[in-house]
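Asks: The structure's right below; bear with me while I get my questions together.
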Protein chains: 2
Amino acid sequence: MELLQRIRIVMINTSDSGNIGAAARAMKTMGVSDLVLVAPKEFPTAKATARASGAADLLHQARVVETLDEAIADCQMVFGTSARMRTIPWPLMSPREATQLVLNEPEGADIAVVFGREDAGLNNEELRRCHYHICIPGNEAYSVLNVAAAVQVICYEMRMAALSQAAASSGQAQASDKPVMPLEITDWDEPLVSAEDMERFMKHFEETLLDIGFFDPNNPKQLMTRARRLFMRTRMDRLEMNLMRGVLSTVQKRIKENDR
Amino acid sequence: MELLQRIRIVMINTSDSGNIGAAARAMKTMGVSDLVLVAPKEFPTAKATARASGAADLLHQARVVETLDEAIADCQMVFGTSARMRTIPWPLMSPREATQLVLNEPEGADIAVVFGREDAGLNNEELRRCHYHICIPGNEAYSVLNVAAAVQVICYEMRMAALSQAAASSGQAQASDKPVMPLEITDWDEPLVSAEDMERFMKHFEETLLDIGFFDPNNPKQLMTRARRLFMRTRMDRLEMNLMRGVLSTVQKRIKENDR
């Protein structure tokens, strides 16, 4: 997708090269490939390559530069990621809001998203280099995402935006003729059963099939898989389960009378 | 936020304890705290604690169990994360779609999201334990997220949903944000049955209940209404219906042998 090819991830003064590798992997899984490293503490390293897993190619292509200015020189739009703004308020948004701006950019505009140091993030001078600040809305008690995890979240949001854009432009979007399961459970009158109850029910169902001598001679395992899929997606409530188990028990009892 | 407190992250057979630590950090930054480890290869370790950073408390509280069944026993809704389903299609959705289902859950329902092994994900048996499968829509060329990165994305989406719910209930957001979730079944392998087929099935089910002498003495009509609601909402496909009708016919045959 063209949009994802215009996104550059910039990491500043990264201390742990493992995070660089993990960021490369996060990027590649989301279809983002342009990585620029500003004065990394250690790079390249075996650790970075190991953490990159199938994204080692992104590490090889990564550019290493000395300053943030070099990293973003040819970009039209620059986002800085930050837990908070330290001096004066700056346009601040969530990753999802940022995707809206990105989608509105003219074609061909290059977009940088800048990530700071593991311990101290971006400094004020760096934050001022950015058009906008992105803050991932975290837990007030502990909001410091690992830098590669933050790269994953941003790239994921960009990919979701690019996918929705692609779907809209190909016109396949809205009304679909595919089957739809209504799953909204509002004001249900009985509590839903737990996974444990559900396992007991599936076991009971299987036993009953054995008792009555019913099985698919061609594929007994597929049969139980299909039965499981059917019953799992009902999200059974307690009364329904009692009803079904009552039916199964009655069948078993009648069959046993027969065998006597 | 109450919703986030009902979410449990389950990690199966994790090889690298660093990933457990990173997952704990990902969870805590998003306000999710319930972590269950199914037979981890190594835990606890100094590596896990280091990667957890400020989320070491989550590691200390984490429960370690032997089986997936123990991990999800008391949960009403179980999601499995998967790159793909291997045998038959299962209700499959993106993380964002999953949040819509979660928002529709009754209050108090506990929700598990299950993550598989670093190298092989969840096996088919484990995937079958889940009501729904979540797939993070990744790059076709390389879609394998690190497990802790996947935990970050899922917890991030859950947090965003919880925040929008909180905003909506405090009257800040539009009514259009309200979840309405007809679940689209993509690539289902069998055609869904018609209303007519469904009526025949319900009739067959009722006859079988009469044959085995099963009915609710207090309220026979309510019983069939409940059975109908249960089966109607499955949106049965043809193979599933053949299977269920095969079961009913076998039961009837066995009961008649008995009466002879």
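All of the numbers you see were taken from the coordinates with simple rules; none came from a lab. On a predicted model such as this, the values are computed, not experimentally measured, just so you know. When we count neighbours, we look across all protein chains shown, and the Cβ atoms used for this are built from the backbone with ideal geometry, even at glycine.
Asks: Relative contact order for chain B: what is it in percent, counting Cα pairs under 8 Å that are at least 6 residues apart?
Replies: 20 percent
Asks: Still on this structure: Once Rh is set to the Kirkwood radius over Cα pairs, what Stokes-Einstein translational diffusion coefficient, in µm²/s, holds for region B:2-176 at a temperature of 4 °C and a viscosity of 1.567 mPa s?
Replies: Working: Rh = 16.3 Å.
D, rounded to a whole number, is 79 µm²/s.
Asks: Roughly how many Å is it from the Cα centre of region A:50-67 to that of region B:8-55, as a whole number?
Replies: Using only Cα atoms to place each centre, the spacing works out to 26 Å.
Asks: If one takes the longest principal axis of the Cα atoms in chain A, at what angle in degrees, from 0 to 90 and to the nearest 10, does the Cα axis of helix A:238-259 lie?
Replies: 40 degrees
Asks: Computed over the Cα atoms, what is the radius of gyration of region B:18-118 divided by 2.2 N^0.38 Å, N being its residue count?
Replies: 1.15
Asks: How much length is gained on full extension from A:GLN76 to A:LYS41, taking 0.36 nm per residue of separation minus their Cα-Cα distance?
Replies: Taking 0.36 nm per residue and subtracting the Cα distance, the gain is 9.8 nm.
Asks: In deg cm²/dmol, rounded to 500, what helix-only [θ] at 222 nm does chain B give when every DSSP H run of at least 4 residues adds -39500 (n - 2.57) and the total is split over its residues?
Replies: -14500 deg cm²/dmol
Asks: If R0 is 25 Å, what FRET efficiency do you get for A:ARG238 and A:SER94 from their C-beta distance, rounded to 0.05?
Replies: 0.05
Asks: Next question, about the same structure. Take the alpha carbon gyration tensor of region A:195-259, find the square roots of its eigenvalues, order them as a ≥ b ≥ c, and report rounded if a/c is under 1.5; if not, report prolate when a/b exceeds b/c, else oblate.
Replies: It comes out oblate by the Cα gyration axes.
Asks: So in the protein assembly as shown, what percent of DSSP beta bridges are antiparallel if you round to the nearest 5? Show your work: numbers first, answer last.
Replies: Numbers: 9 of 53 bridges.
Here the share of antiparallel DSSP bridges comes out near 15 percent.
Asks: On each of the three principal axes of the Cα atoms of the protein assembly as shown, give max minus min coordinate, whole Å, ordered largest first.
Replies: Answer, in whole Å and largest first: 91, 48, 43 Å.
Asks: I would also like to ask the following. Give the Rg (one decimal place) followed by the Dmax (whole number) of region B:14-76, computed from C-alpha coordinates and expressed in Å.
Replies: 11.3, 34
Asks: Taking chain A as the reference, fit the longest principal axis to its C-alpha atoms, fit the long axis of helix A:147-169 to the helix C-alpha atoms, and give the angle between the two in degrees, 0 to 90, nearest 10.
Replies: Here the helix axis deviates by roughly 70 degrees.
Asks: With each label point set 7 Å from Cα along the Cα-Cβ vector, what nm distance links A:HIS204 and B:GLN222?
Replies: 1.8 nm
Asks: Also, I was wondering about something else. What FRET efficiency comes out for A:GLU107 versus B:GLU140 if R0 is 25 angstrom and r is the Cβ-Cβ distance? Round to the nearest 0.05.
Replies: Result of the calculation: an efficiency of 0.65.
Asks: Roughly how tilted is helix B:95-104, in degrees to the nearest 10 and between 0 and 90, from the longest Cα axis of chain B?
Replies: Helix B:95-104 sits at roughly 60 degrees to that axis.
Asks: Follow-up. Taking beta carbons within 10 Å but only from partner chains, what does the mean come to for residues A:133-145?
Replies: Per residue, the average neighbour count from other chains is 5.
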